[in-house]
Structures are given as C-alpha cells and as structure tokens.
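Below is one structure. I have some questions about it.
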Amino acid sequence: MPSIVELDTRSPIWSRFFTVAPLIVVGTLEVDGAVDLAPKHMAMPLGWQNYFCFVCSPRHATQRNAQARGQFTVSFPRPDQLVQSSLLASGRAPDGSKPAVAALPTMPARVVEGALVRDAYLWLECVLERVVDGFGENSLIVGEIVAASVDERALRASDADDADLTSAMPLLAYVSPRRFAEISETFSFPFPADFRL
Ligand SMILES: Cc1cc2nc3c(=O)[nH]c(=O)nc-3n(C[C@H](O)[C@H](O)[C@H](O)COP(=O)(O)O)c2cc1C
C-alpha cells in the first residue's frame, strides 16, 4: 500500500500532480473586428448534445469578446501545431494586438463570425449559450455548436479501424501542468458487456 498524501485545499491543488486534458484554440473577434486566438485546456463537450464548454476568465479578452459577440470558435490543433498554439498565450503589443495570432494561418468560420485555425483537424463554431461566473476568478463559457467540420483523414468511418485513425492522425493532449503528449497509440475501451450510454 503506497503512503497517501493529503493535499491542503486552502490553496489550489492542481500543480501537485498530473491530469490529462485536450489542448484547443478558442477563436473570438475583438471589438475592432481583429481575430483573437487563445489556447485552452480546461475544455470539453458539455453533455451528449451539441454543447461545448471551456473555462475562462473575465480578465481574458476571449471571455469579453465571446460575451460581446455571442459567438466563438474552437479549433483542435494537431501535434505539429503545438508551439504556434502555445504562443497564442504570449503577450500583446503596446497597441493591444497579439502578434502570435498573425503567425498562425486561419480560415473564416462558415456560420458564425470568426476564424478557425487552418490545418487543425476538428473545428467547432459556437453560439454563446451561457456564461457561468463565480468559480473563483474563473467562468464557464458554454456554447451551442451550430457548425462543425473535421479533416477527412480524422473522420471515423464504419469500415475503418479506429486504432489506425489515431496512429495516422495523432491527437494532442495537454498534460497539466506544463507538459504535453502526442497520442498515437489508442486501444478499444473495455466496456462492460451490458453497458449503454
Ligand atoms: C497550454 C495552455 C493552456 C491554457 N488553458 C487555459 C484554460 O483552460 N483557461 C483559461 O482561461 N486560460 C488558459 N490558458 C491561458 C490563456 O489562454 C492565455 O492567458 C491567453 O493569452 C488569453 O488570451 P486573451 O486575453 O486573448 O483571451 C492557457 C494557456 C496555455 C499556454
């Protein structure tokens, strides 16, 4: 039996161990119409219908933009876009622009007003559903997905092997804190025989 360490919950516990998260890029439009892109890892589908959520902060332009415009996009970058995705968290120039955004090729969203990261493998376009404030200094941003597209090479097909798909198109994971992983080897999950969602 390993010894168990109790953590002090009077301060944040999340730097004391590793957890796995996706790494996504949220796209919004600034007041002047400029594209803003920011990496997020606290992000996931919200339920079984087409809702997606991420954790943000009113201190971030992303949250202010999403609330002002009522829309945001989500791009799922590929492992070879890791550095460019990370640089989207770098500082702004004195004029308020974020030079790292210009370095990442984008393409227009189809349905909402906004931009998507070119060469990502999955793209969501969301209408803001609600913002839940008050998790310390953080907020939960929830969007309804009104358009979605996927690189054909990452699209699951009934006649193809899922393991081959992730091997050919590896996934990017943020291993919090401060690490990442490229996931290329995946396995069929051992569900109980009578398991139903
Ligand atoms: C790998 C990584 C993951 C991040 N995950 C989150 C996150 O889940 N939620 C969040 O609010 N900020 C997260 N951030 C920080 C913001 O994205 C970052 O501060 C960004 O520059 C905010 O830009 P904005 O002011 O244009 O919105 C993350 C940053 C990095 C580098």
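Can you name the residue in the range 153-197 that is free of Cβ contacts under 8 Å to residues at least 24 places away in the same chain and of a type in the set (Val, Ile, Thr) and is also nearest to Pro12 (Cα to Cα) among such residues? Give the steps one after another, and end with the answer.
In the first step, residues of the range 153-197 are kept if they are free of Cβ contacts under 8 Å to residues at least 24 places away in the same chain; the result is 155-161, 164-168, 178, 183-185, 189-196.
If we keep only those that are of a type in the set (Val, Ile, Thr) too, we end up with 166, 183.
Working: Thr166: 34, Ile183: 28 Å.
Checking each candidate, the answer is Ile183.
At least 2 residues that are among the charged types (D, E, K, R) and within 8 Å of the ligand (Cβ to nearest atom) in each: list the strands (runs of 3 or more DSSP E) lying fully within the range 1-63 that qualify. Spell out the reasoning first.
Working: elements: 19-22, 24-29, 35-40, 43-45, 51-56.
Per the criteria, 35-40.
Are any residues in the range 159-197 closer than 20 Å to Ala120 by Cβ, outside any strand (DSSP E or B) and within 16 Å of the ligand (Cβ to nearest atom), and if so, which ones?
Passing the criteria: none in range.
Now a separate question. Kindly list the number of the only condition in (1) part of a loop (DSSP other than H, G, I, E, B); (2) surrounded by 14 or more Cβ atoms within 10 Å (Cβ to Cβ); (3) charged (D, E, K, R) that fails for Arg156.
(2)
For the range 131-140, which residues satisfy the criterion of being assigned to a strand (DSSP E or B) and either closer than 28 Å to Pro108 by Cα or without any contact (Cβ under 8 Å) to a residue 60 or more places away in the chain (or both)? Give the steps one after another, and end with the answer.
Looking only at the range 131-140, we keep the residues that are assigned to a strand (DSSP E or B), and these are 131-135, 138-140.
Matches in the range 131-140: Val131, Val132, Gly134, Ser139, Leu140.
Now, a different point. What are the pairs with Cβ atoms under 6 angstrom where one residue, in the range 52-63, is buried (at least 22 other Cβ atoms within 10 Å of the Cβ) and the other, located anywhere, is β-branched (Val, Ile, Thr) and part of a helix (DSSP H, G or I)? Sequence gap at least six, or different chains.
Partner pairs satisfying both residue conditions: Cys56/Thr62.
Looking at Pro170, Pro177, Pro99 in this structure, which one is more than 21 Å from Ala43 (Cα to Cα) and either loosely packed, with under 14 Cβ neighbours inside 10 Å or not small (Gly, Ala, Ser) (or both)? Talk me through it step by step, then tell me what you get.
Working: Pro170 fails: more than 21 Å from Ala43 (Cα to Cα); Pro177 fails: more than 21 Å from Ala43 (Cα to Cα).
Answer to the selection: Pro99.
Ok, one more. Being modelled with pLDDT of 95 or more, within 11 Å of the ligand (Cβ to nearest atom) and within 13 Å of the chain's Cα centre (by Cα) is true for just one of Phe72, Phe76. Which residue is that? Let's see the steps before the verdict.
Working: Phe76 fails: within 11 Å of the ligand (Cβ to nearest atom).
Just one listed residue meets the conditions, Phe72.
Hey, another quick one. For the range 88-130, enumerate the residues that are of a type in the set (A, V, I, L, M), within 16 Å of the ligand (Cβ to nearest atom) and not in a strand (DSSP E or B).
Across the range 88-130, the qualifying residues are Leu88, Ala89, Ala93, Ala100, Val101, Ala102, Ala103, Leu104, Ala120.
Answer yes or no: is there a residue in the range 21-42 that is over 21 Å from Leu172 (Cβ atoms), free of Cβ contacts under 8 Å to residues at least 24 places away in the same chain and among the basic types (Lys, Arg).
No, the range 21-42 contains no residue that is over 21 Å from Leu172 (Cβ atoms), free of Cβ contacts under 8 Å to residues at least 24 places away in the same chain and among the basic types (Lys, Arg).
So, one more: When both residues are 6+ apart or on different chains and their Cβ atoms are under 9 Å apart, which pairs have a first residue that lies in the range 141-152 and is of a type in the set (S, T, N, Q), and a second that is surrounded by fewer than 15 Cβ atoms within 10 Å (Cβ to Cβ)?
Ser149/Arg110
Also, I was wondering about something else. Only one of these is among the aliphatic types (A, V, I, L, M) and in contact with a Phe, Trp or Tyr (Cβ under 6 Å, 6 or more places away or on another chain): Ala89, Ala66, Ala103, Ala34. Name it. Before you say what the answer is, go through the steps one by one.
On the way: Ala89 fails: in contact with a Phe, Trp or Tyr (Cβ under 6 Å, 6 or more places away or on another chain); Ala103 fails: in contact with a Phe, Trp or Tyr (Cβ under 6 Å, 6 or more places away or on another chain); Ala34 fails: in contact with a Phe, Trp or Tyr (Cβ under 6 Å, 6 or more places away or on another chain).
Exactly one of Ala89, Ala66, Ala103, Ala34 is among the aliphatic types (A, V, I, L, M) and in contact with a Phe, Trp or Tyr (Cβ under 6 Å, 6 or more places away or on another chain), namely Ala66.
Return yes or no: is Ser85 touching a residue at least 40 places away in the same chain (Cβ under 8 Å) and either within 9 Å of the ligand (Cβ to nearest atom) or among the hydrophobic types (A, V, I, L, M, F, W, C) (or both)? Break it down stepwise before answering.
Values: touching a residue at least 40 places away in the same chain (Cβ under 8 Å): yes; either within 9 Å of the ligand (Cβ to nearest atom) or among the hydrophobic types (A, V, I, L, M, F, W, C) (or both): yes.
Criteria met by Ser85.
The values are calculated or read from the model by the stated rules, or taken from the named source; none is laboratory data. Quick caveat: nothing in here was measured; it's all calculated off a predicted structure. Cβ sites come from the backbone with ideal geometry, for glycine too, and all protein chains shown count toward neighbours.
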